[in-house]
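Peer 1: Below is the structure I would like to discuss, written out as structure tokens.
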Amino acid sequence: MEKVVSGIRSTGNLHLGNYFGALVNFIKMQHENNCFFFIADYHSLTTHPDPKTLNGNVRNVLSEYLGAGLDPDVATLYVQSDVPEVTELSLLLSMHTYVGELERTTSFKDKIRKHPDNVNAGLLTYPVLMAADILLHRADRVPVGKDQEQHLEMTRKFARRFNTIYGVDYFPESQPYTFGKGLIKVPGLDGTGKMGKSEGNGLYLIDDDKSIRSKVMKAVTDSGPTKPEEPMTEPISNIFKLMEIISPEDTHKFYLDKYNNCEIRYGDMKKQLAEDIITTISPIRERILEIRKDTDYLNKVAREGAEKAKASAQKTLSDVREIMGFSKFK
Ligand code: ADP
Ligand code: TRP
């Protein structure tokens, strides 16, 4: 059985980018693999350190994991900070990580450009903590969206470096995983770029039908193609991409044909897209809202998950300490 590890930061509710980029793959993988899925609350502190919302955000994401279909009886679901062993592994890995390579990470460069007033060391060492999350359970596969590709490359580099320095074959080279379809990027509806919490363009799993309709109808469009098979502008190609991800194949094809024949009516297409999103999301939303109310159940899932994750983490840490030459005084 292969080991699978992944997590999502608890910086707010989950959107369709998180769902189609990561969560659907978690759900598909949980049955055939030994899976560890966690809620990255330490990582949320690099941008959202707020004691008033921290625990609530973690609970929300946990209810979203469960409502979307993760089964705590088959996968280990846990909260990152419930297994603080990960911080020790992160510290140990950081001794073999160069500041220069961290400074060159795209996500770091992005963040310092967008938030020059808060360039904290946690942002710089973000990829080391993420590598520790993955290597803590010696994962073979990591289901993530396209934006995490570079972090996974770094994880493999850190694993190889550790193995080389200590002359062992201990850490695997964890691979990104998406069921052979390539890593996906769910676009936003505001014309450019990806859907994201910080982008403010999210369609959320807990959005009600009315707000989904209104967000989709507001999606940016253009004045339409003027000749057959005209290349699409970015906002239009984003709407088609969302439809390709969410709607049945023939619906997507129907509107693509309309576009290519210059007969497209974006209003009709958006209405259809909104209904298809609602079909996918509304049963999930109902389950999330139910589960959220059940505090005892959430506590139990997190407690039992932490126990299983801790056992796996402690084994790795004990091996790593031995490999690195820490020996116990008896
Ligand atoms: P956000 O970008 O909203 O802050 P995170 O960075 O916490 O979300 O991402 C959690 C997971 O969701 C990662 O695996 C990431 O690759 C995936 N993800 C986030 N946004 C998208 C998107 N627009 N398309 C595809 N995957 C995404
Ligand atoms: N960095 C990931 C994100 O922003 C979240 C994350 C933290 C993660 N640790 C991880 C994903 C380990 C996969 C494996 O989406």
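No lab work stands behind these numbers, since they all come straight from the coordinates. None of these values were measured; they are calculated from a predicted model. All Cβ positions, glycine included, derive from the backbone under ideal geometry; neighbour counts span all protein chains shown.
Peer 1: Write down the percent of antiparallel bridges among all DSSP beta bridges whose residues are both part of the chain, to the nearest 5.
Peer 2: Percentage antiparallel, nearest 5: 10.
Peer 1: So, one more: For the pair LYS293 and THR279, how long in nm is the line joining their label points, each one 7 Å along Cα→Cβ?
Peer 2: Output for this residue pair reads 2.9 nm.
Peer 1: For segment 205-255, which trypsin sites (Lys or Arg not before Pro) pass both filters: DSSP loop (anything but H, G, I, E, B) and at most 13 other C-beta atoms within 10 Å?
Peer 2: Details: sites: LYS210, ARG213, LYS215, LYS218, LYS241, LYS253; in loops: LYS218.
Answer in residue order: LYS218.
Peer 1: Give me, ordered by chain and number, the residues 5 or more places off CYS35 or on other chains with an amide H under 5 Å from its own placed amide H.
Peer 2: VAL4, THR76
Peer 1: Express in nm, to one decimal, how much length is gained between SER237 and ARG303 on full extension, taking 0.36 nm for each residue of separation and deducting their alpha carbon distance. Walk me through the numbers on the way to the answer.
Peer 2: Working: separation 66, 0.36 × 66 = 23.76 nm, distance 4.39 nm.
Length gained, SER237 through ARG303: 19.4 nm.
Peer 1: When only DSSP loop residues count, what GluC sites (Glu not before Pro) in segment 175-273 have their Cβ near at most 14 other Cβ atoms within 10 Å? Could you put the intermediate results ahead of the total?
Peer 2: Values: sites: GLU199, GLU229, GLU244, GLU249, GLU263; in loops: GLU199, GLU229, GLU263.
Of the GluC sites (Glu not before Pro), the ones in loops of segment 175-273 whose Cβ has at most 14 other Cβ atoms within 10 Å are GLU199, GLU229, GLU263.
Peer 1: At q = 0.09, 0.12, 0.14, 0.15 Å⁻¹, what log₁₀ I(q)/I(0) does a Debye calculation on the Cα points of the chain give, no solvent, two decimals?
Peer 2: Rounded to two decimals, the profile gives -0.52, -0.88, -1.14, -1.27.
Peer 1: At what distance in nm do the modelled label points of ARG113 and ASP257 sit from each other, each positioned 7 Å from its Cα along Cα→Cβ?
Peer 2: For the pair ARG113/ASP257, the computed spacing is 4.2 nm.
Peer 1: I'd like the orientation of helix 295-324 relative to the chain: the angle between its Cα long axis and the longest Cα principal axis, in ° from 0 to 90, rounded to 10.
Peer 2: Value to nearest ten degrees: 50.
Peer 1: Still on this structure: Relative to the compact globular guide of 2.2 N^0.38 Å, what is the alpha carbon radius of gyration of segment 209-289, as a ratio? Mind dumping the intermediate values first?
Peer 2: On the way: Rg = 13.4 Å, N = 81, 2.2 N^0.38 = 11.7 Å.
Segment 209-289 yields a ratio of 1.15.
Peer 1: Counting Lys and Arg as +1 and Asp and Glu as -1, each charge on the Cβ, what is the dipole of segment 209-289 about the Cα centre in debye, to the nearest 20? Mind dumping the intermediate values first?
Peer 2: On the way: 13 positive and 14 negative charges, 92 e Å.
Its charge dipole is roughly 440 debye.
Peer 1: Once phi is turned into ³J(HN,Hα) by the Karplus curve 6.51 cos²θ - 1.76 cosθ + 1.60 with θ = phi - 60°, what whole-Hz value does each residue of segment 170-175 show in order, with x for glycine and proline?
Peer 2: Once θ is set to phi - 60°, the couplings for segment 170-175 become 9, 8, x, 8, 5, 9 Hz.
Peer 1: Which residues' amide hydrogens lie under 5 Å from the amide hydrogen of ARG9, considering only partners 5 or more residues apart or on another chain, with H built in the peptide plane?
Peer 2: Placed amide hydrogens put ALA40 under 5 Å from ARG9.
Peer 1: For n ≥ 4 DSSP H runs only, could you compute -39500 (n - 2.57) per run for the chain, divide by its residues and tell me the 222 nm figure to the nearest 500?
Peer 2: Computed mean residue ellipticity for the chain: -17000 deg cm²/dmol.
Peer 1: Work out the length of the dipole vector of segment 57-148 about its Cα centre, built from +1 on the beta-carbon of each Lys and Arg and -1 on the beta-carbon of each Asp and Glu, and round it to the nearest 20 debye.
Peer 2: Numbers: 9 positive and 13 negative charges, 88 e Å.
For this selection, approximately 420 debye.
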